[in-house]
Each structure stands twice: as C-alpha cells, then as structure tokens.
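As structure tokens, the structure follows; a few thoughts come after it.
Please treat every number below as a calculation from the coordinates, not as lab data. Computed from a predicted structure; not experimentally measured. Positions of Cβ are generated from backbone atoms using ideal geometry, with glycine treated the same way; all protein chains shown enter the neighbour counts.
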Amino acid sequence: MEKFTVYTGKSVPLMNDNIDTDQLIPKQFLKAIDKKGFGKNLLFEWRYLNDDYDENPDFIFNKPEYRNATILISGDNFGSGSSREHAAWALEDYGFRCVIAGSFSDIHYNNELKNGMLPIVQPLDVREKLASLPAGEEITIDLPNQLIKSSVGEFPFDIDHEWKRKLVEGLDDIGITLQYEGLIAAYEKQRPAYWQ
C-alpha cells in the first residue's frame, strides 16, 4: 500500500449528502474482482449521459478545471448503503487519495482506509470554505500532524492512532503479516511435517 504522509492535491466539491455506494459504483459494474478499472465507472449515472460514456457536461467532474482533482469535498453520510468495497476501489482508481465529508458510513470509512485513502470528517463550515476554493488551488493534507492546510485556513482532524500508523507506514493487512515473516518461517520449521 502506498504511504500517506503529507499529500498535496487539487480538490473538487461535490457537496451532496447521502452519496451511497450504489451511486459511487452501480451494481452492474461489480463483476470484476481486480481492484483496477473501476474509476471510469465512478458516479456513472451522474458523469455520463448514456451507456456509451458520453459525458454530462454539467457534472463537475467533467469540467476541465476539476479533471485532475485528487481530494473530494463532500456532504454528510458519505458511502452509505451496501458494504461493497468496490466503492472505495472506484474512488481510488479514479485518483482520489482523500475524501473530506461531514460523516461516513462506518463500513465505507474502513474500506477507504484499507485501500490507502484518507477519509476525513469535518463540519459543514470547514467543508464550505474548502469547497469555495478556486478550481486548481491545492490543499495539503498533513497526516502526521493531522492538519488540513489551505489558503482559507488550517483545520485539525481526528483519526484512530492505529489507522494513522498503517497509512503513514504504508501497511495493509498483508504488509502487517509480512512484518512477522521471520517468526512465521521459524514456527513453520519447528512444526512436524505431517504432509511428508
């Protein structure tokens, strides 16, 4: 998993409340089990006019000044609905490293963390300030110091200590297991070989 320490990127505001996982990645795109390729279908029904991927010119993601955004500013109850991890895969594959919302579904919040993204909870007044930034202006997310830094202010955020450690060190579940590779190998050596 890629480390998340201090990250600077452009943001895009999508301040809708209750963006659920079926909106993030509709059910017809859940057939694949590889984490890649979901980004083009993120918010499919909002981004496109039809099944031929003709872009909706009124949707903010399709506006040229927001195409390279990697920080999403959103509303309350982000990622509600079904527990599909594909929603986090779609956000990450699209290019988002951080989602700043008023609140998150518990399962989706954890799915973002497990996939190396940083979900941040902020009150409405902070999100409105960040959403008002001109397109293309960068925001810095300083995870070690738990600060959002921008031209409209610096804003602290909370995160569980263990999740913070995993993101800063770039450790997913497999990476954590591999930290004990020597101990696992030693244990396997001393076990009787019943299968021989």
Can you give me the C-alpha center-to-center distance between segment 115-158 and segment 19-69, rounded to a whole angstrom? 23
Give me Rg/Rg_expected for segment 1-78, where Rg uses Cα atoms only and Rg_expected = 2.2 N^0.38 Å with N residues. 1.19
Here the net charge surrounding Lys149, from other residues whose Cβ is less than 11 Å away from its Cβ (Lys, Arg +1; Asp, Glu -1), is -3
Label-to-label distance, nm, for residues given as Glu154 and Asp173 (7 Å Cα→Cβ offset): 3.7
Calculate how many DSSP beta bridges within the chain are antiparallel, expressed in % of all such bridges and rounded to the nearest 5. 50
Of the labelled options [x] 1.21; [y] 1.16; [z] 1.40, which one gives Cα Rg over 2.2 N^0.38 Å as computed for this structure? [y]
Please give the length that would be gained between Asp142 and Thr5 if that part of the chain were fully extended, namely 0.36 nm times their separation in residues minus their C-alpha to C-alpha distance (nm, one decimal). 48.7 nm
What ranking do Asp142, Asp158 get, fewest neighbouring Cβ atoms within 10 angstrom at the top? Asp158, Asp142
Counting only residues 5 or more places away or on other chains, whose amide H sits under 5 Å from the amide H of Tyr48 once H atoms are built in the peptide plane? Asn56
Give me the distance in nm between label points sitting 7 Å out from Cα along the Cα-to-Cβ direction at Ile33 and Asp20, one decimal. 2.7
Any chance you could run the full-extension gain for Glu65 through His161? It's 0.36 nm times the residue separation minus the Cα-Cα distance, nm to one decimal. 31.0 nm
Remind me, relative contact order of the chain in percent, using alpha carbon pairs under 8 angstrom and six or more residues apart? 27
Ranked packing of 49-57, 99-107, 23-31, most packed first, by mean Cβ within 10 Å: 99-107, 23-31, 49-57
Suppose the chain between Ala185 and Asp106 were pulled fully straight at 0.36 nm per residue; how much longer would it get relative to their current alpha carbon spacing? 24.9 nm
By the scheme Lys and Arg +1, Asp and Glu -1, what is the net charge of all other residues having a beta-carbon under 14 Å from that of Ile73? -2
